[in-house]
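Only one structure is covered here, and it is reproduced in the block below.
The values are calculated or read from the model by the stated rules, or taken from the named source; none is laboratory data. These numbers were taken from a predicted model, which means no experiment stands behind them. FYI the Cβ positions are ideal-geometry reconstructions off the backbone, even for glycines, and counts take in every protein chain you see. Calculation scope for accessible area: heavy atoms of the full protein, side chains included, ligands and nucleic acids excluded. Shrake-Rupley method; radii C 1.70, N 1.55, O 1.52, S 1.80 Å.
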Amino acid sequence: MDDPLIDDEARSLVADLTVRNQTVATAESLTAGLLAATLAGVPGASAVLSGGLITYTVETKADLAGVAPELLAEFGPVAEPTARALAVGAMHRCGATWGIGLTGVAGPEPHGGHAVGTVFLGLAGPGGTQVVELALPGSRWDIRLGAVHAAVHRLRRLVEQQ
């Protein structure tokens, strides 16, 4: 039986990265490794998935992904600069072509002035970095899954544009 998390876009991303001999690494907060697990579920992912960091706490964002404590103190764990730093940190720490950083609020309560469903998706790669702010509806699971699908979709578009 196929894994229900793995969709055609995840398969296409792994294929696109493989053809280009590129790699990806993740630093995940609210998704707690779900993105890396989704990519790893695609046959052939071992050629492109360099690694994944689960950075659920402020301390692990700093320790594992190398996010500056000063940045975290100023902006907090759920913020555009934090997502950018997570993406860059994942890319550098895992030696990957691309890095993805995910941070946000899956609920059930708002956090740090951010509404439930607020997600910051950071992408780092050969062309620089970018951050997308998302407002995702639904349950904790829906928000986490939506963040994973958004990350796969956005990275696939960037890879295709190269």
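Listed values, structure above:
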quantity	calculated
Hey, Leu155 under 14 Å from the mean Cα position of the chain (by Cα) and surrounded by 19 or more Cβ atoms within 10 Å (Cβ to Cβ) or not	yes
Residues satisfying the stated conditions in region 61-74, i.e. part of a helix (DSSP H, G or I) and buried (at least 16 other Cβ atoms within 10 Å of the Cβ)	Lys61, Ala62, Leu71, Leu72
Failed condition for Cys94, given (1) modelled with pLDDT under 95; (2) open to solvent by less than 60 Å² (accessible area, probe 1.4 Å); (3) not β-branched (Val, Ile, Thr)	(1)
Meets criteria (surrounded by fewer than 24 Cβ atoms within 10 Å (Cβ to Cβ), under 15 Å from the mean Cα position of the chain (by Cα) and in contact (Cβ under 8 Å) with a residue 40 or more places away in the chain) for Gly51	yes
Qualifying positions in region 29-45 - in contact (Cβ under 8 Å) with a residue 60 or more places away in the chain, part of a loop (DSSP other than H, G, I, E, B) and not hydrophobic (A, V, I, L, M, F, W, C)	Ser29, Thr31
Check on Leu121, touching a residue at least 12 places away in the same chain (Cβ under 8 Å), within 21 Å of Asp16 (Cβ to Cβ) and not small (Gly, Ala, Ser)	yes
